[in-house]
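Readers should treat all values here as calculations from the given coordinates under stated rules, not as data from a laboratory. Only a predicted model underlies this, so the values are computations on that prediction, with no experimental measurement involved. Here Cβ is always computed from backbone atoms with ideal geometry, including for glycine, and neighbour counts include all displayed protein chains.
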Amino acid sequence: IDEILVCYHDDRDKCKCRKPLPGMLLDAADRLEIDLKQSFMVGDRWRDIEAGQNAGCRTILIEYDYKEKGPSRPPDVKVGSLDRAAEWILQQI
């Protein structure tokens, strides 16, 4: 892990770093020279998945059955834990 990034804004702020917008991922990719097409976005909410999709990443949804809407497009894979997400990533590379 190179960095942990957080957006403290609310939807009302309409900032580019608020997921599902990909601003935070795009900025990190530019700063850290990351190829987003070769990257994975792991998250447990629809906003995480859509941000990853909007940035061009492969996406992994950790399914916790939250009572909220799902992503507008399905993730590349759904898993039940971060361990399973890591296993799937290792199978892809």
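Within a straight-line Cα-Cα reach of under 19 Å, Lys69 can be paired with the following lysines, leaving aside sequence neighbours fewer than 8 residues apart in one chain: Lys19, Lys78. Loop-resident trypsin sites (Lys or Arg not before Pro) (DSSP state other than H, G, I, E or B) in segment 5-53 with no more than 10 further Cβ atoms inside 10 Å of their Cβ: Lys14. The GNM of the chain, with springs linking C-alpha atoms under 10 angstrom apart, assigns the highest mean-square fluctuation among Asp76, Asp27, Asp13 to Asp13.
Taking every C-alpha pair closer than 8 Å and separated by at least 6 residues, the mean separation divided by the residue count of the chain gives a relative contact order of 20 percent. Dividing the convex hull volume of the alpha-carbon atoms in the chain by its residue count gives 105 Å³ per residue.
Magnitude of the charge dipole for the chain, about its Cα centre and with charges confined to Cβ atoms of Lys, Arg (+1) and Asp, Glu (-1), is about 400 debye.
For the chain, the list of GluC sites (Glu not before Pro) that fall in a loop by DSSP and count at most 12 other C-beta atoms within 10 angstrom reads Glu3, Glu33, Glu68.
Counting Lys and Arg as +1 and Asp and Glu as -1 over every other residue whose Cβ lies under 15 Å from the Cβ of Cys7, the net charge comes to 0.
Please give me, ordered by residue number, the chymotrypsin sites (Phe, Trp or Tyr not before Pro) of segment 24-66 that lie in loop per DSSP and have at most 10 other Cβ atoms within 10 Å.
Passing both the DSSP loop test and the Cβ count: Tyr64, Tyr66.
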